[in-house]
1. Condition test on residue 80, is it open to solvent by 30 Å² or more (accessible area, probe 1.4 Å) and either part of a strand (DSSP E or B) or free of Cβ contacts under 8 Å to residues at least 40 places away in the same chain (or both)?
2. With the requirement that a residue be over 22 Å from residue 47 (Cα atoms), within 16 Å of the chain's Cα centre (by Cα) and open to solvent by 60 Å² or more (accessible area, probe 1.4 Å), what does segment 83-118 give you?
3. Can you name every residue in segment 135-181 that is surrounded by 19 or more Cβ atoms within 10 Å (Cβ to Cβ) and among the aromatic types (Phe, Trp, Tyr)?
4. Residue by residue through segment 12-58, note down the ones that are open to solvent by 30 Å² or more (accessible area, probe 1.4 Å), modelled with pLDDT of 80 or more and over 30 Å from residue 84 (Cβ atoms).
Amino acid sequence: MLKAGGYALIAFAVFALVFALLPVSRVAGAQTGATLSGVALSLYPSRDADAVWRFRAASVTNDPLTGETRLTGLSEGGRWITERDKAGQPTGRRVLDATLAAPDLTIDSQDNLSTHQALITLVKECAAIQLTGTPQQPVRVEQGNGFSAPLTKIDAPSLKAEIPQLRMGFDFVIQDAGPSTVISDLDVTETCENGKRVSHKPSSRK
């Protein structure tokens, strides 16, 4: 379910009503749906109840015929999850789990996200994940599952990788992948502490 704030939702409803009431001859060939500018919106996926995606976008276009919402001029994209205590109980707070940067984004009727290129940063692992898609196979973020792309480059402390046909969960677990190039740093010079990379001097070998 897409939450765009009270004014945004009212605007969508008004635009949709106007388009529905116009004679067919006047709207033939016209673009359906409504476009809003300068929008902050939140996406609450039904298949990922613990998560909420938040974005700012220069332009948001909704097409009621396809059920798709397209965001352009994207900024401040992030996935926030419910914080839980050691007993697994919700604390009532949300914490930033991942950031997402992309030139544009399409949200389909199932709340899945797609684009041709994206950078996802997993905060807990300090992992920067560059995803590159093709016209036939875009980058996809599937709610309740993870993300996938034809080509992925990973830059994380002690690990560098280039992986084709990657499917990975938000827990940094690879679900599927093609033949990969992976470089692991045995002399760890970086660690991830509280979502930030911390440099260390390499250990000297005897």
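The values are calculated or read from the model by the stated rules, or taken from the named source; none is laboratory data. What you are looking at is a predicted structure, and each value in this text was computed from that prediction instead of being measured. Counting neighbours? That spans all protein chains shown, and the Cβs are built from the backbone with ideal geometry, glycine included. Each accessible area value is taken on the protein alone, full model and side chains, heavy atoms only, with ligands, DNA and RNA left out. Shrake-Rupley method; radii C 1.70, N 1.55, O 1.52, S 1.80 Å.
1. Spelling it out, residue 80 is indeed open to solvent by 30 Å² or more (accessible area, probe 1.4 Å) and either part of a strand (DSSP E or B) or free of Cβ contacts under 8 Å to residues at least 40 places away in the same chain (or both).
2. Result: 103, 116, 117.
3. Listed by number, the residues that qualify are 147, 170.
4. 37, 38, 58
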